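Trainee: Let me give you the structure first, and then I'll get to my questions.
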Protein chains: 2
Amino acid sequence: MLGMFQSLGLGGQWRLPGNTSVDFLNLDHWVTMAKRLDEAGIDFLFFADDYAYPILNGAVIDTAIEKAIQFPRADPLVILSALALATTNLGLVATSSTTIERPQSLARRFATLDHLTQGRFGWNVVTGAGQNSSAKLFGDTMLPHAERYAIAEDHLNLSLKLWEGSWQDDALQVDRVNGVYADASKVHEIEHNGPYFSAHGMLTVPPSPQRTPLLFQAGTSSTGRELAATYAEAVFLASEPELVKAQIADVRARAAAHGRGPDAIKFLVAGSFIVAETEAEAHALRDTMVGFGTLETAAAAYAFFTGLDLLSMDLDKPLATVKTEQGRTNVERFSGENGAPAPTVREILEEFRSNGVMGRPFIGTPEQAVDQAQLLIEQTGADGFLVQPDPTGTHDDFIDMVVPVLRERGLMNTDHAGSTLRERLFGVGHRRLPAEHPGAAFRVPSGPSVDS
Amino acid sequence: MLGMFQSLGLGGQWRLPGNTSVDFLNLDHWVTMAKRLDEAGIDFLFFADDYAYPILNGAVIDTAIEKAIQFPRADPLVILSALALATTNLGLVATSSTTIERPQSLARRFATLDHLTQGRFGWNVVTGAGQNSSAKLFGDTMLPHAERYAIAEDHLNLSLKLWEGSWQDDALQVDRVNGVYADASKVHEIEHNGPYFSAHGMLTVPPSPQRTPLLFQAGTSSTGRELAATYAEAVFLASEPELVKAQIADVRARAAAHGRGPDAIKFLVAGSFIVAETEAEAHALRDTMVGFGTLETAAAAYAFFTGLDLLSMDLDKPLATVKTEQGRTNVERFSGENGAPAPTVREILEEFRSNGVMGRPFIGTPEQAVDQAQLLIEQTGADGFLVQPDPTGTHDDFIDMVVPVLRERGLMNTDHAGSTLRERLFGVGHRRLPAEHPGAAFRVPSGPSVDS
């Protein structure tokens, strides 16, 4: 299972000649990319998103603006219909925050997108990520981690009610002769009185192919894993193999405790591919890429994810365990949790400069890279990859060099012409949430009118 | 000046054979329409929007669901990039409410859309319209009219700061060799501490062609006219000629008092065209259309706009002046304000059934309809029309029959290839807000760095 990771912003390798991510505000840039992914048989294109940018002590970090670190960024939701128009099978996934967006707006927007994409839309649920610059932008104070997750749960319950509970399956008539658009007894105003959101009203959009978009989630904290185990249908992970394996086992166990089946959730690991005709060329390319980074750019990126100012610390000592505003002490793989000795701050910055937040790349010839990727799948039990942009900023290298190897080895998802994104991940017939998902409880059974 | 009015919902004439508005959730429906409008030289496509639907006594009106009265409705913002991809010159305008949407989200979304449309995007500013069903959907109580407008002003000021004040004109560098994406001393976090919104942060989207989207407004109350006079660049009116004329004069006078020029605002009147080869055919078509309506459907639509339940009143007496929750007593043209004797409730419903909220159509042969439309322009001093969907649900009749007559008479806007929407309305060179607009005050002058 292969999704491609992008954001509507600049790629980390924008300085490389031929990197086209500087065109990220040009529609043709994305249309060309989406068409290629669609033709190559990629399952979906995934847009990360965040209102945040790197700040320290309440102000933007100049290096982030100058070097384009987690900045600039535009809104990916409004580009999706153009990509839907240009493609036929590619899934389209976008990130929206339950802390920032209102569920009633988002439910209508996503129902519209599920129609316009003909059921190819997915939502990556985030709680506002780990930065307080977005909170400041919105005139809020950063909410504690646990509260953000409580909001997310309330948000999801209201959104699911609107998607699943407003229209019975047989409500829509579109009968011109008798002048009946819909059976009024089968369209319902829902009621919600949650701890954070209240609503009395209905989704004014007729049922879309999937009703609820395919639900992605990426939280790796204990609270995040619990949210994923309850609601997510696909989980995105980025860490060392042993940690990924443990996280998958943990989410699976939690999902089972909620009565969800062992295959209710697909797990996708971050994968960066740096490939060339020879191993030496691939490493030379990587050296060029790493060479663009400095301790300052690494620190700006690190500050974005954690709120920590590593450059203000003693570079030659291990990172003290600091509880940041975001409730995050550190980027996971430097926490020593995986049994390795705690690295120094300088080592953390060097590692971050080399491999970023997504970790070590699969590197070498296409065959070598695929060998490494296959090994990771075996080690972790993951279902596939969320592939990072390659050095071009697009996925052209991946399509041209890696996909043929995957195809030879029978590792590409087979054709799913005309199917929804949920069917693409879970098989034909799985257009809607399964009965075990909490969203299914909000459905009003179809059949005879409830009022009659 | 010609804009075409649509909503992402069902047209009033969906029951007519050949009306294609039932396809409103199909991307191809809109792409086909937008392409035809673009080729015909229409200035822009305008999407009305509202989260509301007709309710009375706190519950949805069954007739509204059954007959599709101001229902169903989907989110037009997410369809625009597909239409931008399919067209080259057509302006694209969408409605968003300052009461419901957060300025920080909306500013980023609209900046993205202005890029994706290459400067062809406009925003119709509404304050949440006159219905309390949207307030109930969002778990709020309906705010008083004056407060909604105070929120709108605060919202606009924050949005304008983000668009105009975040990036100096010469901030963007995109210098790969030296690794400078933007000059950090020329990208600014803005500060806003308004009565309703606070913010400390910046727009993470580089400057779009227009920066601020072209600003539309449609309020006709005194408060609404004041907001339009302060901020709007195009105003949409729907009323009797004498009222339209008076409203235009009033908004122009108010705009002048704000130091804005006499041509700072374009005025567009609602125009419905029912045309056929012969006058008799056009009237027969209209009779069929009016025949789909009943007192009940007229009352549901009336309730949507005013909150009043006309069917609960004595049909044979004039409408008592009732101050509704929305602060609206009546649909304007029935208020007796224009000097006519106050009609009975039944007469109001009959008139509403025949002509809806947009008023009497221009009807007959294309030449006759254009004569009527030209007369209205002469009577009111308006700059053009916001044309309602024709009986097809699209604008195919208008394009096929009315546009050729307009062209013959030299009334079509001439070619503006490659221009922004603001230039299309105000002439080449007017890409950005003029210096007299309040948004211009938020700019940081370009030139030497402010920090140096």
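The values are calculated or read from the model by the stated rules, or taken from the named source; none is laboratory data. These numbers were taken from a predicted model, which means no experiment stands behind them. Don't worry about glycine lacking a Cβ; one is built from the backbone with ideal geometry, like all the others, and counts go over all protein chains shown. With ligands, DNA and RNA removed, areas are computed over all heavy atoms of the protein, side chains included. Shrake-Rupley method; radii C 1.70, N 1.55, O 1.52, S 1.80 Å.
Trainee: If we scan the range A:205-216, do we find a residue that is touching an Asp or Glu at 6+ places or on another chain (Cβ under 9 Å), in contact (Cβ under 8 Å) with a residue 60 or more places away in the chain and at the interface with another protein chain (Cβ under 9 Å from one of its Cβ atoms)?
Mentor: Yes, because at least one residue in the range A:205-216 is touching an Asp or Glu at 6+ places or on another chain (Cβ under 9 Å), in contact (Cβ under 8 Å) with a residue 60 or more places away in the chain and at the interface with another protein chain (Cβ under 9 Å from one of its Cβ atoms).
Trainee: Continuing with this model, one more query. Can you tell me which residue is least open to solvent (accessible area, probe 1.4 Å) among those in the range A:251-298 that are of a type in the set (Ser, Thr, Tyr) and assigned to a helix (DSSP H, G or I)?
Mentor: Residues of the range A:251-298 of a type in the set (Ser, Thr, Tyr): A:272, A:278, A:288, A:294, A:297.
Applying the additional criterion that residues be assigned to a helix (DSSP H, G or I) yields A:288, A:297.
Values: A:THR288: 68, A:THR297: 17 Å².
Only one residue fits best here, namely A:THR297.
Trainee: When you scan the range B:160-181, how many residues do you find that are surrounded by 21 or more Cβ atoms within 10 Å (Cβ to Cβ) and acidic (Asp, Glu)?
Mentor: Residues that pass the stated criteria total 1.
Trainee: Considering every residue within the range A:379-387, establish whether at least one is in the same structural domain as A:GLU242 (by TED's automatic domain parsing) and within 21 Å of A:GLY18 (Cβ to Cβ).
Mentor: yes
Trainee: Within the group A:ALA59, A:ALA48, A:ALA74, which residue is at the interface with another protein chain (Cβ under 8 Å from one of its Cβ atoms) and open to solvent by 10 Å² or more (accessible area, probe 1.4 Å)?
Mentor: A:ALA59
Trainee: For the range A:1-14, enumerate the residues that are more than 30 Å from A:LYS136 (Cα to Cα) and either within 8 Å of another protein chain (Cβ to nearest Cβ) or open to solvent by 30 Å² or more (accessible area, probe 1.4 Å) (or both).
Mentor: Correct list: A:MET1 only.
Trainee: Do we find that B:ILE363 is surrounded by 14 or more Cβ atoms within 10 Å (Cβ to Cβ), aliphatic (A, V, I, L, M) and touching a helix residue (DSSP H, G or I) at 6+ places or on another chain (Cβ under 8 Å) in this structure?
Mentor: The answer is yes for B:ILE363.
Trainee: Mind checking whether some residue in the range A:299-316 is within 29 Å of A:GLN368 (Cβ to Cβ), touching a Lys or Arg at 6+ places or on another chain (Cβ under 6 Å) and open to solvent by less than 70 Å² (accessible area, probe 1.4 Å)?
Mentor: Taking every residue of the range A:299-316 in turn, none turns out to be within 29 Å of A:GLN368 (Cβ to Cβ), touching a Lys or Arg at 6+ places or on another chain (Cβ under 6 Å) and open to solvent by less than 70 Å² (accessible area, probe 1.4 Å).
Trainee: Name the single residue, out of those in the range B:31-45 being of a type in the set (Val, Ile, Thr) and surrounded by fewer than 23 Cβ atoms within 10 Å (Cβ to Cβ), that is farthest from the other protein chains (Cβ to nearest Cβ).
Mentor: Filtering first and then ranking leaves B:THR32.
Trainee: Now a separate question. For B:SER134, state whether it is facing chain A (nearest Cβ under 9 Å), among the polar types (S, T, N, Q) and either on the phi > 0 side of the Ramachandran plot or touching a residue at least 24 places away in the same chain (Cβ under 8 Å) (or both).
Mentor: Yes, satisfied.
Trainee: For the list (1) in a helix (DSSP H, G or I); (2) within 9 Å of another protein chain (Cβ to nearest Cβ), I need the number of the one condition that B:ALA150 fails.
Mentor: Of (1) in a helix (DSSP H, G or I); (2) within 9 Å of another protein chain (Cβ to nearest Cβ), only one is false for B:ALA150: (2).
Trainee: Give the number of residues within the range A:115-143 that are open to solvent by 10 Å² or more (accessible area, probe 1.4 Å), of a type in the set (Gly, Ala, Ser) and assigned to a helix (DSSP H, G or I).
Mentor: Final tally of qualifying residues: 1.
Trainee: All but one of (1) buried (at least 21 other Cβ atoms within 10 Å of the Cβ); (2) more than 7 Å from chain A (Cβ to nearest Cβ); (3) of a type outside the set (A, V, I, L, M) hold for B:THR112, so report the exception by its number.
Mentor: All conditions pass for B:THR112, except number (2).
Trainee: Being at pLDDT 95 or above and of a type in the set (Asp, Glu) is the filter here, so list the residues in the range A:227-241 that pass it.
Mentor: The answer is A:GLU233, and nothing else.
Trainee: Tell me which of these A:GLN247 doesn't satisfy, since it passes every other one: (1) assigned to a loop (DSSP other than H, G, I, E, B); (2) touching a strand residue (DSSP E or B) at 6+ places or on another chain (Cβ under 7 Å).
Mentor: For A:GLN247, the exception is condition (1).
Trainee: Does any residue of the range A:97-104 turn out to be at the interface with chain B (Cβ under 8 Å from one of its Cβ atoms) and in a helix (DSSP H, G or I)?
Mentor: yes
Trainee: Looking at the range A:35-47, I want the residues that are more than 10 Å from A:ASN413 (Cα to Cα) and have a partner that is of a type in the set (D, E, K, R) with Cβ atoms under 8 Å, at least 6 apart or on another chain. Which pairs are those?
Mentor: What qualifies is A:ARG36/A:ASP396; A:PHE44/A:ARG120; A:PHE44/A:ARG424.
Trainee: Exactly one condition in (1) open to solvent by less than 10 Å² (accessible area, probe 1.4 Å); (2) under 28 Å from B:SER105 (Cα atoms); (3) over 14 Å from the mean Cα position of the chain (by Cα); (4) away from chain A (no Cβ under 14 Å) is false for B:SER221; which is it?
Mentor: Checking B:SER221 against (1) open to solvent by less than 10 Å² (accessible area, probe 1.4 Å); (2) under 28 Å from B:SER105 (Cα atoms); (3) over 14 Å from the mean Cα position of the chain (by Cα); (4) away from chain A (no Cβ under 14 Å), the one that fails is (1).
Trainee: Right, here's the next one. Scan the range A:341-356 for residues that are in contact with a Ser or Thr (Cβ under 9 Å, 6 or more places away or on another chain), part of a loop (DSSP other than H, G, I, E, B) and over 24 Å from A:VAL235 (Cβ atoms) and jot them down.
Mentor: The answer is A:ALA342, and nothing else.
Trainee: Sort out which residues of the range A:293-339 are farther than 13 Å from A:THR63 by Cα, hydroxyl-bearing (Ser, Thr, Tyr) and modelled with pLDDT of 90 or more, and write them in order of number.
Mentor: A:SER312
Trainee: For the range A:179-201, enumerate the residues that are more than 7 Å from chain B (Cβ to nearest Cβ) and in contact with a Ser or Thr (Cβ under 8 Å, 6 or more places away or on another chain).
Mentor: A:ASP183, A:SER185, A:LYS186, A:HIS188, A:ILE190, A:HIS192
Trainee: Looking at (1) out of contact with any helix residue (DSSP H, G or I) (no Cβ under 6 Å at 6 or more places or on another chain); (2) touching a residue at least 60 places away in the same chain (Cβ under 8 Å), which one does A:ALA246 not meet, given that it meets all the others?
Mentor: With (1) out of contact with any helix residue (DSSP H, G or I) (no Cβ under 6 Å at 6 or more places or on another chain); (2) touching a residue at least 60 places away in the same chain (Cβ under 8 Å) applied to A:ALA246, the lone miss is (2).
Trainee: Filter the range B:77-94 down to the residues that are within 21 Å of B:GLY393 (Cα to Cα), touching a helix residue (DSSP H, G or I) at 6+ places or on another chain (Cβ under 7 Å) and more than 9 Å from chain A (Cβ to nearest Cβ) and list them by number.
Mentor: Once the filter is applied, which keeps residues that are within 21 Å of B:GLY393 (Cα to Cα), touching a helix residue (DSSP H, G or I) at 6+ places or on another chain (Cβ under 7 Å) and more than 9 Å from chain A (Cβ to nearest Cβ), the range B:77-94 yields B:THR87, B:LEU90, B:GLY91, B:LEU92, B:ALA94.
Trainee: Further question on the same structure: Given the criterion touching a strand residue (DSSP E or B) at 6+ places or on another chain (Cβ under 8 Å), modelled with pLDDT under 95 and farther than 19 Å from B:LEU406 by Cα, identify the matching residue among B:VAL345, B:VAL357. Spell out how you get there, then give the answer.
Mentor: Numbers: B:VAL357 fails: touching a strand residue (DSSP E or B) at 6+ places or on another chain (Cβ under 8 Å).
Just a single option satisfies the conditions, and that option is B:VAL345.
Trainee: How many of the residues making up the range B:182-218 are surrounded by 24 or more Cβ atoms within 10 Å (Cβ to Cβ) and over 30 Å from A:ASP23 (Cα atoms)?
Mentor: 1
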